[in-house]
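Working notes for the structure below.
The values are calculated or read from the model by the stated rules, or taken from the named source; none is laboratory data. Bear in mind the structure is a predicted one, so any value in this text is a computation, not a measurement. All Cβ positions, glycine included, derive from the backbone under ideal geometry; neighbour counts span all protein chains shown. Accessible surface is based on the protein model in full, side chains and every heavy atom, while ligands, DNA and RNA are left aside. Shrake-Rupley method; radii C 1.70, N 1.55, O 1.52, S 1.80 Å.
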Amino acid sequence: MVSFSAAFFPGLLGFQRNHRSRAVVTRATMLSQQNPGGDGHSAAATSLYLGIDFGTSGARYALIDEQGAIHSEGKRAYSAPPVGDAAGWASSWRAALFQLLADIPPVHRSSITSVSIDGTSATTLIVDSASGELLAGPFLYNESFPDALPAVESIAPANHTVCSASSTLCKLVSWWNGSSSASGSSAAAVPVLMHQSDWLLWLLHGQYGVSDYNNALKVGYDPEVDAYPSWLTSQPYSPMLPSVRAPGAPIAALKDDVCSEYGLSKKCVVCTGTTDSIAAFLAAGTGEPGIAVTSLGSTLAIKLVSEVRVDDARFGVYSHRLDDTWLVGGASNTGGAVLRRLFTDDQLAALSEHIDPAVRSPLDYYPLPKKGERFPISDPGMMPRLEPRPESDAEYLHGILESIARIEAKGYNLLRELGATAVEEVFTAGGGAQNDKWTAIRERVLGVPVRKAQQTEAAYGAAILALKGANTLSS
Ligand SMILES: Nc1ncnc2c1ncn2[C@@H]1O[C@H](COP(=O)(O)OP(=O)(O)O)[C@@H](O)[C@H]1O
Ligand SMILES: O=C(CO)[C@H](O)[C@H](O)COP(=O)(O)O
């Protein structure tokens with residue numbers, strides 16, 4: 001089994017075995033190694049490792065060295081396409097990718113030894129491998145395709161991870177059924193399935209059909225046996241499925257045109273990626289059973305280190321592989337996306353100052369950005385509940401933050417009820433990690449210690465995968 005444990009990265013974030021110890025190399029230490037001028041840039045280093053996170057609201061990069069010190073980081077918001085222009089998302093992601101490469105200080109670029117990318121899970125593209133053109137999608141991580149659910153349920157084991165309307169397999173089957181009946185589909189096309197991070201990595205290395213076992217989980221890949229199950233390989237669309245490697249596995253060198261355009265080394269290796277919440281987990285740098293990471297970004301994704309694998313699509317629960325343990329969890333549609341519709345980040349910070357986290361809010365909401373919930377209630381038809389709205393915005397925010405905390409607690413309690421290791425401590429990643437009042441509310445509601453992860457950006461976790469890939473090549 002591939003190791004993700006900190007021991008795999010000698011010198012990087014030398015975490016002690018006791019998960020409560022602090023990382024040897026803290027973010028402050030890393031940043032202090034940069035120029036006193038605080039411009040986030042240091043002198044060129046021998047080897048740097050690039051991680052790029054494609055989250056829900058924007059893309060970020062982190063450039064680290066073997067000790068985990070951050071030499072540069074940056075972010076770009078997506079230019080959201082018009083409603084209904086799904087292909088526009090691919091254009092926005094492509095633009096963000098190359099804008100971020102251009103944002104990397106030139107002094108560092110020739111030192112970049114490897115790169116990896118994480119993306120939103122189950123975000124799916126159908127690409128023509130004969131031309132490279134986008135045939136369909138992107139179908140986004142939280143889009144549901146209930147039309148395909150009966151067909152998927154008829155081939156998969158009961159309550160399998162793919163038996164969710166938002167699974168990658170439901171997206172594939174929905175497209176397959178539509179395209180095989182659709183007229184005009186080009187006979188010359190050779191369709192292949194790509195996940196968001198697979199596609200972005202493909203823009204850098206140019207080889208089709210390579211993914212990782214975190215992204216491939218929701219199309220049906222079984223990371224325990226490292227193979228697609230026979231009930232899937234026997235399907236007519238199975239030739240569209242990518243080959244699967246461990247996250248952070250070397251794929252190929254950067255394409256020559258990318259190297260020359262951005263001054264990157266022809267020896268820079270592109271490595272397989274992962275999903276954004278797994279990258280956030282890796283960034284948090286922990287891995288002991290009972291420890292969890294909640295990614296509080298646009299959505300709420302929980303990852304609990306468990307010695308027992310738990311998968312149950314009835315509740316949107318599934319297990320990702322981590323070394324010789326499992327990351328059990330799920331992803332709710334609640335989270336920051338709801339907050340962003342109501343308040344700016346500055347308003348969130350200002351209003352939070354007026355919240356007393358020790359006081360329980362009497363308001364009971366189910367904050368969703370739109371119809372549909374994935375976990376801990378798997379219901380594509382579930383409606384948001386954000387009424388009644390009190391006069392005070394601070395009270396309203398308190399009610400929303402506390403209601404999201406209750407959903408998080410329901411999620412962890414559900415994992416325990418399904419047999420996963422009981423949660424003992426939660427580290428927080430994502431934009432919500434910066435809100436200390438919310439952290440205190442969550443600690444009260446969850447009943448376990450909750451703290452901000454040392455590294456809260458998924459891009460840092462992707463950079464760790466790039467370092468892993470480079471180490472694989474050099475070992
Ligand atoms: N002070 C804050 N308190 C709570 N949430 C915040 C705060 N500042 C930003 N956020 C939320 O963080 C989210 C962005 O987090 P991020 O991890 O970048 O999301 P994603 O990667 O999913 O796009 C936004 O939805 C925003 O509402
Ligand atoms: O909600 C999301 C968007 O940010 C996450 O990508 C996703 O659903 C988490 O999935 P996984 O547990 O497979 O990483």
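Calculate what fraction, in whole %, of the accessible area of region 348-397 sits on carbon and sulfur atoms when a 1.4 Å probe is rolled over the protein chains. Before the final figure, lay out the partial values.
Details: 1540 of 2800 Å².
Of the solvent-accessible surface of region 348-397, carbon and sulfur hold 55 percent.
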Tabulate in residue order the Karplus-calculated ³J(HN,Hα) for region 450-461, using 6.51 cos²θ - 1.76 cosθ + 1.60 with θ = phi - 60°, rounded to whole Hz; enter x for Gly and Pro.
10, 9, 6, 5, 4, 10, 9, 9, 4, 4, 5, x
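Roughly how many debye, to the nearest 20, is the charge dipole of region 333-472 about its Cα centre, given +1 on each Lys and Arg Cβ, -1 on each Asp and Glu Cβ, and no other charges?
Here the size comes out at about 460 debye.
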Based on alpha-carbon centroids, what's the gap between region 145-167 and region 325-346 in Å, whole number please?
24
Report, by chain and number, residues whose modeled amide H sits under 5 Å from the one on E373, excluding near sequence neighbours (fewer than 5 apart, same chain).
D379, G381, M382
Kindly report the accessible area of region 283-405 per residue (heavy atoms of protein chains, probe 1.4 Å, no ligands, DNA or RNA), in Å².
38
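Which of the three applies to region 122-255, rounded, prolate or oblate, going by the alpha-carbon gyration tensor with a ≥ b ≥ c and a/c under 1.5 meaning rounded?
The shape class here is oblate.
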With DNA, RNA and ligands ignored, accessible area of M194 (1.4 Å probe; Å², nearest 10):
10
Modelled label-to-label distance, E424 and S475, 7 Å Cα→beta-carbon offset: nm?
2.6
Using modelled amide H (1.01 Å from N, peptide plane; none on Pro or chain starts), what sits under 5 Å from the amide H of I251, excluding residues fewer than 5 places away?
V270, C271, T272
Name the long-range amide H neighbours of S72: under 5 Å, sequence gap of 5 or more, or other chain; modelled H, no Pro or chain starts.
L63
Alpha-carbon centroids, region 279-318 and region 191-238: separation in whole Å
21
With label points built 7 Å along Cα→Cβ from the Cα atoms of A102 and D85, find their separation and express it in nm.
1.9
Go through region 152-167 residue by residue and turn each phi into a ³J(HN,Hα) via Karplus (6.51, -1.76, 1.60, θ = phi - 60°); whole Hz please, and just put x for glycine and proline.
5, 5, 6, 10, 8, x, 4, 6, 5, 3, 6, 7, 10, 4, 9, 5
If I take R0 = 41 Å and measure r between the Cβ atoms of D256 and D364 in this structure, what FRET efficiency does the formula 1/(1 + (r/R0)^6) give, to the nearest 0.05?
0.10
Per-selection Rg to Rh, the chain - Cα, Kirkwood hydrodynamic radius:
0.95
Radius 9 Å from Cβ of V448, net charge of other residues (Lys, Arg +1; Asp, Glu -1):
-3
Would you kindly derive the ³J(HN,Hα) couplings of region 259-271 from the backbone phi angles with the Karplus curve 6.51 cos²θ - 1.76 cosθ + 1.60 (θ = phi - 60°), listing them in order in whole Hz, with x for Gly and Pro?
4, 6, 5, 10, x, 9, 6, 5, 8, 5, 9, 8, 10
If packing is taken as the mean number of other Cβ atoms within 10 Å per residue, what is the order of 214-225, 344-355, highest first?
214-225, 344-355
How far apart, in nm, are the 7 Å Cα→Cβ label points at Q207 and E288?
3.9
Would you calculate a helix-derived [θ] at 222 nm for the chain, using -39,500 (n - 2.57) for each DSSP H run of n ≥ 4 and dividing by the full residue count, to the nearest 500?
-9000 deg cm²/dmol
